[in-house]
Amino acid sequence: MQQPWSKRHKREFKGCQFSLSNSFAQPLSMPELIKLTKDRGDNKLLELYNNHDLEYVPNGGSNDLRQDIARVVYDNQLSAEHILVFPGGQVAIQTAALAFASNGVHSIVFTPGYQSTVESPEWAI
């Protein structure tokens, strides 16, 4: 039997030193992040880090983040006003289910899966 795709490629980062896209991602400590930032001479980022506030960002993502996504990902073909940022994949899936599913719409959900993902279509009814 062939090994599943997810197992074969789980640790393959395609040239990236760090991968935060997998559940086994191990984050760096704050001292490690600060050292990496100092080593590359990014004083502006260090200043932003040292002077940032701890307020909640608006629902849908902060405007500066959405502007950066519009610029970097969409080459400004899409404006920040048309971009939503979610705090995680489950919330995005739930929002999509609520937006697209309605009474009378047929939904297919694969299990096992996250409980919220499996139940999302039912919440839309």
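Bear in mind these aren't lab numbers, they're just calculated from the coordinates by the rules spelled out. Predicted model, so just to flag it, every value in this text is computed and none were measured. Positions of Cβ are generated from backbone atoms using ideal geometry, with glycine treated the same way; all protein chains shown enter the neighbour counts.
5 Å is the cut-off here: which amide hydrogens, built 1.01 Å from N in the peptide plane, fall below it relative to Gly60, excluding neighbours closer than 5 in sequence?
Sorted by chain and number, the residues that satisfy this are Val85.
Stretched out fully, how many nm does the piece from His82 to Tyr114 gain, at 0.36 nm a residue minus the Cα gap? Don't jump to the answer; show the numbers that get you there.
Working: separation 32, 0.36 × 32 = 11.52 nm, distance 2.73 nm.
Result: 8.8 nm gained on full extension.
Let a ≥ b ≥ c be the square roots of the eigenvalues of the Cα gyration tensor of segment 22-125; is it rounded (a/c under 1.5), or, if not, prolate (a/b larger than b/c) or oblate? Please list the in-between numbers first.
On the way: a/c = 2.85, a/b = 1.86, b/c = 1.54.
In terms of gyration-tensor shape, prolate.
Based on the mean of other Cβ atoms within 10 Å per residue, sort peptides 57-70, 99-112 so the most packed one is first. Show your work: numbers first, answer last.
Numbers: 57-70: 14.1, 99-112: 9.1.
Descending mean neighbour count gives 57-70, 99-112.
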